[in-house]
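The structure appears right after this line, and notes come after that.
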Amino acid sequence: MKTISNINRNTMKTAISKLVLIAVLFVATVINAQSAKQIEVNPSLGTLKQINAGLLNVGYTEAGPSNGKPVILLHGWPYDINSYNEVVPILVSKGYRVITPYLRGSGTTTFLSKDTFRNGQQAALATDIIALMDVLKIDKAVIGGFDWGARTAVVMAALWPERLEGLVSVSGYLVVNLEANLKPLPPKAELGWWYQYYFATERGKLGYAQNTYEFNKQIWQIASPLWKFDKVTYDQTAQSFDNPDHVAIVIHNYRWRQSLEAGESKYDSLEKHLATRPVIKVPTITIASDFDGAFADGKAYADKFTGKYEHRILKGIGHNVPQEDPKAFAQAIIDVDAFKK
């Protein structure tokens, strides 16, 4: 028979255990709040949500009817979901359900584990979006993007074509070929990639970490010389650079592309397939702008798209196509969705 003192001791132990559990949960909540800082998003993008998907707690906005056809819009670097501030309302007005996620290392998207390798390789980013689609129970979607977002979308189309209703890719076929990247380019072309060589050095990594705001602003100006964005517009996006993994992901992405740092072995089979430069069978519209220079005509990659395909050229537009010409980008999404009808 238990004594009063034994009962009291057991009660005390239970109470202490509960207090410890509460304390642990409180600390975990505080740490998570610190790692994923609050960000104000443009109301036009819809509601900012968080969900665990794959290796990440993904921050994403959602707008439009829940039963609408899914459209996923992917941003580039050094940009974020605000590139689609004016695109989303156009698509919502047409009945689409529009989802715009922060890529790993951006905005409110954070890693679930501190031990996960901060990997910026193309297969990892594409896998992130497939994981997001899975957890949101989206079987197929129209995917659009530019810069890193376009590469991610094209990689998804190459690896998982059954998950795409259609594809809109700014600058075309952007699948990274590590072997080809080892070959030198003419001096004028090399000049355009100055930041990649800067990032290859420890000085560059430190410099980017210390000067992220000004560095990325300079990239905006170089990539879109005719776009007269204001401080409010830039600052809205600059919030997303204040992410605990931003620098690590950016640096690894560009070092991996130059074969200066390895990716992860779990993506080897995907990268091996991508190295064959697979054709894209998904209905596609590619968009070129002044940023693409001599490649604006799209002839260099036209044969990589074997499904229904169209190439569009925008004059007087820089690299951030959805923000510089939102109507043209939104129309491309709408049109590619109509290809199969």
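Quick note: the coordinates plus some simple rules give every number you see, no bench work behind them. What you are looking at is a predicted structure, and each value in this text was computed from that prediction instead of being measured. Heads up, the Cβs are rebuilt from the backbone with ideal geometry, glycines too, and the neighbour counts pull from every protein chain shown.
Here's how it looks for residue 147: its modeled amide H is under 5 Å from those of 170, which are all 5 or more places away or on a different chain. Close amide H pairs (under 5 Å, H built 1.01 Å from N) link residue 136 with no residue at least 5 positions away or on another chain. Taking 112, 182, 226 in turn, the Gaussian network model of the chain (Cα-Cα springs below 10 Å) assigns the largest fluctuation to 182. The C-alpha atoms of the chain define a longest principal axis, and helix 122-135 lies at about 60 degrees to it.
How high is the relative contact order of the range 98-210, in percent, with contacts defined as C-alpha pairs under 8 Å that are six or more residues apart?
Numbers: 85 pairs, mean separation 19.8, N = 113.
The normalised contact order for the range 98-210 reaches 18 percent.
For residue 98, neighbours were defined as the other residues whose beta-carbon sits under 11 Å from its Cβ, and their charges (Lys and Arg +1, Asp and Glu -1) total +2.
Given the range 203-326 reduced to its alpha-carbon atoms as identical point scatterers, what log10 I(q)/I(0) does the Debye formula return at q = 0.14, 0.20 Å⁻¹? Those come out to -0.92, -1.22, one per q. In the chain, the longest principal axis of the Cα atoms and the axis of helix 148-159 are about 90 degrees apart.
Determine the distance separating the Cα centre of the range 229-253 from the Cα centre of the range 288-341; give it in Å without decimals. A separation of 25 Å, based on Cα centres. In the structure shown, do any of 281/315; 69/231; 94/315; 94/308; 140/299 have a Cα-Cα gap over 24 Å, and if so which? Result: 281/315; 69/231; 94/315; 140/299 exceed 24 Å.
Using the Kirkwood formula over every pair of different C-alpha atoms, what hydrodynamic radius in Å results for the range 136-281? Could you put the intermediate results ahead of the total?
Working: mean 1/r = 0.0577 Å⁻¹.
This gives a value of 17.3 Å.
Helix 4-35: angle to the longest alpha-carbon principal axis of the chain, degrees 0 to 90, nearest 10? Taking the Cα atoms of the chain, the angle to 4-35 is about 20 degrees.
So who's got an amide H within less than 5 Å of the one on residue 164, skipping anything under 5 residues away but keeping other chains? H placed 1.01 Å off N, in plane. Residues meeting the amide H criterion: 141. Remark: the range 218-223, residue by residue, has Karplus-estimated 3J(HN,Hα) of 5, 4, 4, 5, 5, 6 Hz, where x stands for each Gly or Pro and the curve is 6.51 cos²θ - 1.76 cosθ + 1.60 at θ = phi - 60°.
Summing +1 for each Lys or Arg and -1 for each Asp or Glu, what net charge is found among the other residues whose Cβ lies under 12 Å from the Cβ of residue 290? Don't skip to the end; give the middle numbers.
Working: positive: 315; negative: 292, 324, 325.
Result for the neighbourhood of residue 290: -2.
The mean of 1/r over all pairs of different alpha-carbon atoms in the chain, once inverted, gives a Kirkwood hydrodynamic radius of 21.2 Å.
Residue by residue, the range 181-196 carries 3J(HN,Hα) couplings of 5, 7, 7, x, 10, x, x, 5, 5, 4, 4, x, 9, 3, 5, 5 Hz when phi is fed to the Karplus relation 6.51 cos²θ - 1.76 cosθ + 1.60 (θ = phi - 60°); x denotes Gly or Pro.
Rounded to the nearest 500, what is the chain's calculated 222 nm mean residue ellipticity when only DSSP H runs of at least 4 contribute -39500 (n - 2.57) each, over all residues?
Values: 14 runs with 145 residues, N = 341.
Computed ellipticity for the chain at 222 nm equals -12500 deg cm²/dmol.
Across the range 62-77, rounded Karplus estimates of 3J(HN,Hα) from the backbone phi angles (6.51 cos²θ - 1.76 cosθ + 1.60, θ = phi - 60°) give 9, 9, x, x, 5, 9, x, 5, x, 10, 10, 10, 10, 8, x, 10 Hz, Gly and Pro being marked x.
A cut-off under 12 angstrom between Cβ atoms defines the neighbours of residue 79, and their net charge, with Lys, Arg +1 and Asp, Glu -1, is -2.
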